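Student: I'd like to ask you about the structure that follows.
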Amino acid sequence: MTKTRINNKFQIRPFWFAASSYYFLLLLFSLILGFVAWIIFQNNEDETPIIIAVSVFIVIFVTGTFIRGKLKQRVQTKILIGNNKLNEKFLVKKKAKVEKKLTIQTNAKIITEIEKKSEAANLLGNLSEVHWEVFEICNDYLEMIDSEFKTVGNGSPRITELVKGREKIRRLHKKHLLDWVALESGELTKNANLMPTSGEKVTGGNRALLVLESALEFYPNEKKITDSILAINEFVSSTKVAESIENAEKAVSQQDIQMAISFYRDALFQLASEHIRIIEKEDVAARINQEIDKLRSRKSVI
């Protein structure tokens, strides 16, 4: 039997038919199939027919019990989901009436709590996670304040306090986001530099870029973020160029002149399209062109 509550009233829903009836029929069905199995295999002279009949009986009975349990669980779940939806409809209006506006006192308490968490994060300044946590709390507060401003009345004494709170938390919001960016991207860049292969270095650099770009969504004009993005882009680009040059040198050592020229051309293409400072581009491009000329001379001699 499944008992469900809807709007303070109980409604009884049977599971098709009583459990006693179900198990009686299941027992009878299992016995019949076991008996049929015994008849089919009774020509054997050993005890095989009895063993088979008992096995069939056990398998059928256990399977039937398991299936009923699963079906019952599924039916109960559907009923609960349906009732929860009904309960939500009944509670929406009640919840709207219970909800209260953000008072000046409550606003002050929230700000005090955020400031305490900010101070704690500053004490643990080298842990990026704590700065991210404070940033998220600040973000939640700012979203809440935006909602409050939609309902606050003109001339309400709450307006001044909400504006002050918003400005104070905005400063903490930005500070802890930038702290998180500096620590997280710095660690990722450091690890990328330590990677043994160019491909791993590029992957590490791209992860750091994702961190910076996520922060840029909040503060698109923040110089610290844009400068860091430029620096990591240059690191990734330089790594790609270095990888192509390294592959070209390997091809030269293997006497594959055409492949070496192809890798050097890849390096030139990357130099032209990637984020590398102009002066360095010109110097590296000049050296690559010299190597290509040497290889072409060697190829013509061969």
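The values are calculated or read from the model by the stated rules, or taken from the named source; none is laboratory data. Everything numeric in this text was worked out from a predicted model, so none of it was measured. Cβ: placed from backbone, ideal geometry, glycine included. Neighbour counts: every protein chain shown. Note: areas computed on protein heavy atoms with side chains; ligands, DNA, RNA excluded. Shrake-Rupley method; radii C 1.70, N 1.55, O 1.52, S 1.80 Å.
Student: So, in region 204-236, exactly how many residues are farther than 18 Å from L183 by Cα and in a helix (DSSP H, G or I)?
Tutor: Within region 204-236, residues that are farther than 18 Å from L183 by Cα and in a helix (DSSP H, G or I) number 2.
Residue by residue, here is whether (1) open to solvent by 50 Å² or more (accessible area, probe 1.4 Å); (2) more than 21 Å from the chain's Cα centre (by Cα); (3) of a type in the set (K, R); (4) more than 30 Å from T239 (Cα to Cα) holds:
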{"residue": "A121", "(1), (2), (3), (4)": "no, yes, no, yes"}
{"residue": "G125", "(1), (2), (3), (4)": "no, yes, no, yes"}
{"residue": "V152", "(1), (2), (3), (4)": "no, yes, no, yes"}
{"residue": "K164", "(1), (2), (3), (4)": "yes, yes, yes, yes"}
{"residue": "K168", "(1), (2), (3), (4)": "yes, yes, yes, yes"}
{"residue": "R171", "(1), (2), (3), (4)": "yes, yes, yes, yes"}
{"residue": "D179", "(1), (2), (3), (4)": "no, yes, no, no"}
{"residue": "E184", "(1), (2), (3), (4)": "yes, no, no, no"}
{"residue": "L188", "(1), (2), (3), (4)": "no, no, no, no"}
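Student: Further, regarding this structure: Assuming F263 fulfils every condition listed in (1) surrounded by fewer than 19 Cβ atoms within 10 Å (Cβ to Cβ); (2) modelled with pLDDT of 90 or more; (3) not in a loop (DSSP other than H, G, I, E, B) apart from one, which condition is it?
Tutor: (1)
Student: Against the conditions (1) under 30 Å from F235 (Cβ atoms); (2) surrounded by fewer than 18 Cβ atoms within 10 Å (Cβ to Cβ); (3) among the acidic types (D, E); (4) touching a helix residue (DSSP H, G or I) at 6+ places or on another chain (Cβ under 7 Å), where does E129 fall short? Just the number, please.
Tutor: Of (1) under 30 Å from F235 (Cβ atoms); (2) surrounded by fewer than 18 Cβ atoms within 10 Å (Cβ to Cβ); (3) among the acidic types (D, E); (4) touching a helix residue (DSSP H, G or I) at 6+ places or on another chain (Cβ under 7 Å), only one is false for E129: (4).
Student: Would a scan of region 160-178 turn up a residue that is over 28 Å from L102 (Cα atoms) and at pLDDT 85 or above?
Tutor: yes
Student: Out of curiosity, is K299 modelled with pLDDT under 80, in a helix (DSSP H, G or I) and closer than 22 Å to D227 by Cα?
Tutor: No, not satisfied.
Student: What pairs come out if I take residues in region 118-135 that are modelled with pLDDT of 85 or more and pair them with residues that are not in a helix (DSSP H, G or I) and not acidic (D, E) whose C-beta lies under 7 Å away, six or more apart or interchain?
Tutor: V130/L124
Student: Let me ask something else. May I ask you to list the residues in region 8-33 that are surrounded by 11 or more Cβ atoms within 10 Å (Cβ to Cβ), in a helix (DSSP H, G or I) and either modelled with pLDDT under 75 or of a type in the set (S, T, N, Q) (or both)?
Tutor: A19, Y22, Y23, F24, L26, S30
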